[in-house]
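Beneath this line is the structure, given in structure tokens, with notes to follow.
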Amino acid sequence: MTTIIKQADLIESVAAALQYISYYHPTDYIAHLARAYEREQSPAAKDAIAQILTNSKMSATGQRPICQDTGIVNVFLKIGMDVRWEGFTGSLDDAINEGVRRGYNHPDNTLRASVVGDPQFDRKNTKDNTPAVIFTELVPGNKFDVTVAAKGGGSENKSKLVMLNPGDSVVDWVLKTVPTMGAGWCPPGMLGIGIGGTAEKAVLMAKESLMDDLDMYELQAKSSSGAKLTKTEELRLELFEKVNALGIGAQGLGGLTTVLDIKIKMYPTHAASKPVAMIPNCAATRHAHFVLDGSGPTYLTPPSLDLWPNVNWAPDYNKSKKVNLNTLTKEEVASWKPGDTLLLNGKMLTGHDAAHKRIADMLAKGEKLPVDFTNRVIYYVGPVDPVKGRSGRPRRPDHRHPHGRLYRNDAGANRPDLDGRQGRARPGGD
């Protein structure tokens, strides 16, 4: 039986899916993150996971983007060879990109365009997040499977590729490489690993693996039951346990969970080589899958809001200290005490800080704060010179967290001994 796919149906389905994934996490991600929250022992890491869960539920409720970085669109197509096309005015890629254009410019929820047309010279924004990165595969049958993903730049920028010798250990390479990624990929998330083929095949497999459902808890249960595991499943479990044992933790704050799952895809390769690629996914990276059967556009079903667990972490905002970074003095910094909660506005502020300023303005007017601001707190413990930091050395711009958070002065005890470009503290450092 032949399936007829109309251009209008494909465009509408892609646009709707991109809107959907801008404010809904996959249900398997929420389920795994909720379990990580329940078992976490580190207060800082547990708080970070709670903020992600709170932000996720707020985004689902208000249908607003989960993260200001709404990513570069990746589209994976599996086209049945019995599929026929109707009403196309250009190529298949043209139709996909029109869907991206409409999805990102939707008047009710306009998404941030992050794509620059010229990657080397002018780097001018295309204004509509096109073109997408499209992968097309012809398969038997009459189905047209589409997976769309919005890949955040923070995690994409931490992608790694290595050409190992045949006898080299993949586990050793992963454990050596993950700490060098810092926390800029915003863990906890997933690691997709591609092994074999050629260099570009390994990278593609790593990216494709991130589109699979998270099932690490099911795999752990299978292992505990004594059921026989495949060698790939055994490798996934080994990497999962050893990566989490690194202690990087949620948002680089230490703790039990750095990754929620490890995915692995493999392909035959040349006898003299072993290409290995690793791509992380963060909380800001979402994807969704749908099938077009010729009956019209496909719209995804929203998850139940009961999926999100209840978390308790928010402080009393009316007791928080308002801090204007434009007029901040050393005397004011010296008055801060461990456990204080600061609401920041002014210089050094970034993506989350429109909310900070709004909170500060509402407090200044004596207005009651809405509950939907409860994930916009900035914690600070221990006095730090805003110019020189704890070490006394001049503070570099790249030692400021991109979300504007100032972390505890004992943060080095709760994360690896790293001093990355994401402003992660280390003992004795700034």
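The values are calculated or read from the model by the stated rules, or taken from the named source; none is laboratory data. Please read all numbers here as calculations on a predicted model, not as lab measurements. Note that each Cβ is placed from the backbone with ideal geometry, even for glycine, and that neighbours are counted across all protein chains shown. Each accessible area value is taken on the protein alone, full model and side chains, heavy atoms only, with ligands, DNA and RNA left out. Shrake-Rupley method; radii C 1.70, N 1.55, O 1.52, S 1.80 Å.
Results, tabulated for the structure shown:
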{"read-out": "Selection count where residues are of a type in the set (Lys, Arg), open to solvent by 70 Å² or more (accessible area, probe 1.4 Å) and closer than 22 Å to PRO187 by Cα, scope the stretch 206-247", "value": "1"}
{"read-out": "So ASP128, is it loosely packed, with under 15 Cβ neighbours inside 10 Å and acidic (Asp, Glu)", "value": "no"}
{"read-out": "The stretch 21-55 - residue that is crowded, with 17+ Cβ neighbours inside 10 Å and outside any helix (DSSP H, G or I) and, of those, nearest to the chain's Cα centre (by Cα)", "value": "HIS25"}
{"read-out": "Test: residue in the stretch 347-367 that is on the phi > 0 side of the Ramachandran plot, at pLDDT below 70, in a loop (DSSP other than H, G, I, E, B) and more than 26 Å from the chain's Cα centre (by Cα)", "value": "no"}
{"read-out": "Output for the stretch 85-107, where each listed residue is touching a residue at least 24 places away in the same chain (Cβ under 8 Å), assigned to a loop (DSSP other than H, G, I, E, B) and under 24 Å from ARG64 (Cβ atoms)", "value": "HIS106"}
{"read-out": "Qualifying position, being in a loop (DSSP other than H, G, I, E, B) and closer than 20 Å to VAL162 by Cβ, among LEU246, LEU239", "value": "LEU246"}
{"read-out": "Top-ranked residue in the stretch 90-113 [being surrounded by fewer than 19 Cβ atoms within 10 Å (Cβ to Cβ) and touching a strand residue (DSSP E or B) at 6+ places or on another chain (Cβ under 8 Å); ranked as modelled with the lowest pLDDT]", "value": "ALA113"}
{"read-out": "Residue that is farthest from the chain's Cα centre (by Cα), among those in the stretch 56-77 that are among the polar types (S, T, N, Q) and open to solvent by 20 Å² or more (accessible area, probe 1.4 Å)", "value": "THR61"}
